[in-house]
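A short worksheet on the structure shown next.
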Amino acid sequence: MTSRDVLLDVVSYWDNIIQNENVIHRDIADKIEQTYEMEEITVITGVRRAGKTYILYELYKKHGGLYVNFEDERLYDFTLDDFEKLTSIADEMKTRIIYLDEVQEVRGWEKFAHRAHKKYKIFVTGSNSKLMQSEYSTALVGRTTTFRVFPLLYPEFLRFRNLKVERGSFEEYLRTGGFPRVVLTGNAELLRDYLDRIIYRDIAGREELKYPEALRTMAVYLLSNAGKEFSYRSLREITGIRHEVTVREYLSHLQNAFLLEVIRKYSPSLKVQEGYAKKVYASDVGFLTLGRRATKDLGRVLENAVYLHLRSRYDVCFGKNSREVDFVLCENLKPVRVVNVTYEAKDKKTVNREVSGVNHFMEKYGVPGEIVAMYPFEAKDVSVRLAHRFCSEIN
């Protein structure tokens, strides 16, 4: 239990913090703001440190309300019953807006939200996709509007750093990634801290995993091999985990924490896709600096950045038969576009490989296609887009 006096101190403390914080606008905040007049609970998810809290700050500064961050150590003994004290404080403040940041720290929070959402406009954030799955979902079915917050893509990176669209700024984005605090401070060491917090706190601690070091080994291995196919057998060998079911479980945890994203070889059938080969991409290119080889393979970093740009609009698969294409972009399971990515094409062999892959799948699916490259080159019958221009376009 948390006393009412402590809650009053916490609410006052965070109000002071937010009012004195310099907040840079995020594009997704405009969409989230449209839910103020909706009765549904507004749920904001995404990888740790992607900027969910600062979006709440932005909304709080504009609309007011009561804000609580459940990672505040003074709230470690906060229980479901303490929500009654919070709502009484909100009533005294004459506000009907309540922001519950990192709410997954409170067991049973969804019961409160279910009961209170008709009287109060409730915003909740959490760093795990399970926030609206399994044990949480039943009580709130049909009563939520959910948004996922990603680390900054290139257009927002430019705004945060006050830079222009050019190759140099894009190269800086590839080196830095899009976590807001890393972008603003230039402190890449924060990325290692983010990774360890995700592994040991958000996953291993919460799920009580038996092999946390194996989980970290798996994460670093996959980050080192972003854009490459992987198998459960290879993950068993690299981690030393004996059973495939455990490997699948651990990979699922990495996805649920939004650290990694898995894509599959394209098929018009989701069931068939499930049995096909898989590739993994990092949720932010900054994480690739933590792998053993990725920083030397600039093509992989660029491919990951292009993937992040594309998945904000499309369902993304890859294409492979006698030829390969990096991305098959789909809407309602139907291909609408194909894209290959190469850092540079210095020789005829590389040009032919990239062009033939795109042409093959353009003809196969009857869709347009293009090649995205860091440096320009001539390609017959296929458009070549410069990466910094391509990724600056807002989908």
Along the charge dipole of the chain, which of A113, T42, L222 sits closest to the positive end, that is, farthest toward it, with unit charges on the beta carbon of Lys, Arg, Asp and Glu (+1, +1, -1, -1)? L222
Name the residue, out of S322, S283, S231, whose mean-square fluctuation peaks in a Gaussian network model built on the chain with Cα pairs under 10 Å. S322
Got a sec? Charge dipole of the chain, +1 on Cβ for Lys and Arg, -1 for Asp and Glu; which of T289, F157, P268 is way out at the positive end? P268
Anything in the chain that counts as a DSSP H helix reaching 15 Å or more along its axis (C-alpha) with Kyte-Doolittle mean of at least -1.0? List them, would you? 4-19, 52-63, 212-224, 244-256, 298-311
Picking from N256, N16, N225, which is most flexible by a Gaussian network model of the chain using Cα springs under 10 Å? N16
Ellipsoid semi-axes in whole angstrom, largest first, where each is sqrt(5λ) of the Cα gyration tensor of the chain: 40, 23, 20
Using a Cα-Cα cut-off of under 25 Å, which lysines could be cross-linked to K348, ignoring same-chain neighbours fewer than 8 residues away? K228, K296, K320, K364, K380
Over the Cα atoms of the stretch 4-148, compute the convex hull volume and normalise it per residue, giving Å³. 103
Under a point-charge model restricted to the Cβ atoms of Lys and Arg (+1) and Asp and Glu (-1), what is the dipole moment magnitude of the chain relative to its Cα centre, in debye to the nearest 20? 1380
Which number gives the lysine pairs in the stretch 88-213 that have C-alpha atoms under 25 Å apart and are eight or more places apart or on different chains? 10
Here the Kirkwood hydrodynamic radius of the stretch 154-390, Cα-based and in Å, equals 18.7
Protection proxy (average C-beta count within 10 Å per residue), highest first, orders 374-381, 143-150 as 143-150, 374-381
Separation of alpha-carbon centers, the stretch 237-279 and the stretch 96-126, rounded to whole Å: 32
Place +1 on the Cβ of every Lys and Arg and -1 on the Cβ of every Asp and Glu in the stretch 4-148, take the dipole about the Cα centre, and give the residue among T144, I98, V23 whose Cα lies farthest towards its positive end. T144
I want to verify a result. In a Gaussian network model of the chain, Cα cutoff 10 Å, which of these has the top mean-square fluctuation: T185, T42, T87? T185
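Where a number appears in this text, it was derived from the coordinates with a stated rule and is not lab data. Computed from a prediction, not measured in an experiment: that's the story for all the values here. A quick note on method: Cβ atoms are made from the backbone with ideal geometry, for glycine too, and the neighbour counts reach across all protein chains shown.
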